[in-house]
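Asker: Sharing a structure with you now.
Each value in this text was obtained by applying a stated rule to the coordinates, not by laboratory testing. As the structure is a computational prediction, the values presented were derived from the model and not from experiment. For neighbour counting, all protein chains shown are included, and Cβ atoms are generated from backbone atoms with ideal geometry for every residue, glycine included.
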Amino acid sequence: MMTVVGITGGIGSGKSTVCKIWQSLGARLLNADALAKELMNTDPEIKQQLVDKFGTDSFHENGSLNRDHLAKEAFEKNRVEELNAIVHPKIPQAVQYKIQQAQTDGINVFVYEAALLLDNLRPKQMDVVVLVLADRQKRLERVQQRDGSREQEILQRMEKQRNFEESVHEADYVIRNNGTLQELESKAKDLYQNFLP
Ligand code: ATP
């Protein structure tokens, strides 16, 4: 039996880092942003709606997604919700498909990483939900270091997210990531080996 794990947490909390550790232990990963991108590139209905709503510039001449154009439309013109309304309804079925694929491939642990997990998908599909938490200041410093983005920009992105500290009761396991990377690695490995498969 494969275990399906949903992992969530705020920007810079350490979700991707935990996922990479689990991947090294044999898990199959699916990242929500990567999945959305894949669907925008391949799903004919989504592609048509993107063209209808955001114009033919949504795709390059070779047919690939014009991410710069869509990012501009979505973020600079405040049309993120319109974009999400096109893509999000298709996500659960696409996740289900990937879960089935992993099952067929004999994978033991499937991990779905999504900042919006608890909003959209607290999904019957997830056997276990893991929440990664870190103090705001730590997250800010880590994202600054990772992306080189400005403090103001990161704070704005943080403000748009839920307060994950309040979501503790919605998770089956909580990983607190205020220590070193080594400490995170040890917590992630412990959870994986003792509780997941
Ligand atoms: P996002 O939502 O922005 O994708 P995330 O939750 O996936 O973020 P990560 O990318 O895993 O977060 O971590 C953010 C950055 O902080 C990364 O560069 C990562 O290497 C670093 N980091 C994570 N945990 C620690 C830690 N305990 N000590 C030092 N650096 C850390």
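Asker: Using 0.36 nm per residue, how much length does the chain from Ala34 to Lys124 gain when fully extended, once their Cα-Cα distance is taken away?
Answerer: Gain in length upon complete extension: 30.3 nm.
Asker: Ignoring everything except DSSP H segments at least 4 long, calculate the 222 nm mean residue ellipticity for the chain; use -39,500 (n - 2.57) per segment, divide by total residues, nearest 500.
Answerer: Helices in the chain give a 222 nm mean residue ellipticity of -14500 deg cm²/dmol.
Asker: Taking only the alpha-carbon positions of the chain and ignoring solvent, what does the Debye formula give for the base-10 log of I(q)/I(0) at q = 0.08, 0.15 Å⁻¹?
Answerer: Treating every Cα as an identical point scatterer, log10 I(q)/I(0) equals -0.29, -1.01.
Asker: By how many nm would the segment from Lys189 to Ser24 grow when fully extended, if each residue of separation counts as 0.36 nm and the alpha-carbon distance is taken off?
Answerer: 58.4 nm
Asker: Which loop-located trypsin sites (Lys or Arg not before Pro) does region 1-99 contain, where loop means any DSSP state but H, G, I, E or B and the Cβ has at most 10 other Cβ atoms within 10 Å?
Answerer: Counting only loop positions with at most 10 other Cβ atoms within 10 Å, the trypsin sites (Lys or Arg not before Pro) in region 1-99 are Lys77.
Asker: Using only alpha carbon positions, build the gyration tensor of region 35-88, then give the equivalent ellipsoid semi-axes as the square roots of 5 times its eigenvalues, largest first, whole angstrom.
Answerer: Square roots of five times the eigenvalues give 15, 13, 10 Å.
Asker: State the antiparallel share, in %, of DSSP beta bridges confined to the chain, rounding to the nearest 5.
Answerer: Here the share of antiparallel DSSP bridges comes out near 5 percent.
Asker: Return the Cα extents of region 99-147 along principal axes one, two and three, sorted largest first, each rounded to a whole Å.
Answerer: Computed over the Cα atoms, the extents are 41, 22, 14 Å.
Asker: For region 1-83, what is the convex hull (Cα atoms) projected area averaged across all directions, in square nanometres?
Answerer: Quarter of the Cα hull surface area: 7.5 nm².
Asker: Around Asn66, which amide H atoms from residues at least 5 apart in sequence, or from another chain, sit under 5 Å from its own amide H, with H modelled in the peptide plane?
Answerer: When sequence neighbours closer than 5 places are left aside, the close amide H contacts are Phe59, His60.
Asker: Please state the charge dipole magnitude for region 35-88, taken about the Cα centre, from unit charges on C-beta atoms (+1 on K and R, -1 on D and E), reported in debye and rounded to the nearest 20.
Answerer: 100 debye
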